[in-house]
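Presented below is the structure to which this report refers.
A short reminder: the numbers here are calculations on the coordinates, not readings from a lab. Bear in mind that the values here come from a model prediction, so they are computed numbers and not experimental data. Here the Cβ positions follow ideal geometry from the backbone for every residue, glycine too, while neighbour counts run over all protein chains shown.
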Amino acid sequence: MWFTIWLVIGLILFLFLIVSISKLTIHMSYEHRGDDDQLTIRFRMWYGLIRYSISVPVLTIDEETASLNFKEETDSQVGHSEKEKKLSWRRILYDLRQFERFLKHVHGFYKITRRFLRKMTVKHFSWETAVGLDDAALTAQFSGLLWSIKGNIFGLMAHYMRVKSNPTLSVNPIYQGFVSKTRLSCMLSFRIGYAMIAGLQVLLHGRRWFLNKKKSQGLNEGGMKHV
């Protein structure tokens, strides 16, 4: 009986150790051509033995309901599925406000994030853009602005993460007509154990804030009753 229990515990700990030291690779790609958008995120672990991908090929705005409509495609070992989803702007704003409150209340969140980003490796980064604004002067100015934005974004990535390869950055100004094309590709990898540690630290900080808030509310209510 006890041997079986310890055997099960040992297997669980062994699996937990294997998962924690395993690397998760994330490949994100985004392509925009005029009115067409394509966003794909692929997750891969154990050399592709475990894989999962999400693709959003359709992105439209419904003016009548003031919502964002998109089709989500998922692909894994289980199979392929397609879902049509609708996301209202009110919901987006609500989620952003909730996330902002969370950031304010969880002390040390930025330190936890910085420590986790240092464990993340950028294996590939490519960002190619072709732009034309039907005005030569505006096209040249906007192209220069895009170069600056791209350089700053990759500079931040190189500062906080470990970069293994040189980036591929390009801005191609088109002076004849209106053109809007961009293709972004990025591959990241990190050990799952680092993500688990960061998640636990965030939960502990959030729980501590919640308990302190509940305690202070109790003291305030007690003081009011006493008065």
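The label-point distance for I9 and N166, in a model that sets each label 7 Å from Cα toward Cβ, rounds to 5.5 nm.
Pull out the extension gain between K85 and D134, defined as 0.36 nm times the separation in residues minus the alpha carbon to alpha carbon distance; nm, one decimal. Could you put the intermediate results ahead of the total?
Working: separation 49, 0.36 × 49 = 17.64 nm, distance 3.51 nm.
Here the segment from K85 to D134 would lengthen by 14.1 nm.
The stretch between Q176 and R114 holds 17.9 nm of extra length on full extension. This uses 0.36 nm per residue minus the Cα-Cα distance. For the stretch 16-47 versus the stretch 157-189, the spacing of their alpha-carbon centroids is 17 Å. Residue by residue through the stretch 165-170, which ³J(HN,Hα) values in whole Hz follow from phi under the Karplus form 6.51 cos²θ - 1.76 cosθ + 1.60 (θ = phi - 60°), with glycine and proline marked x? For the stretch 165-170, the Karplus curve yields 9, 6, x, 10, 10, 8 Hz.
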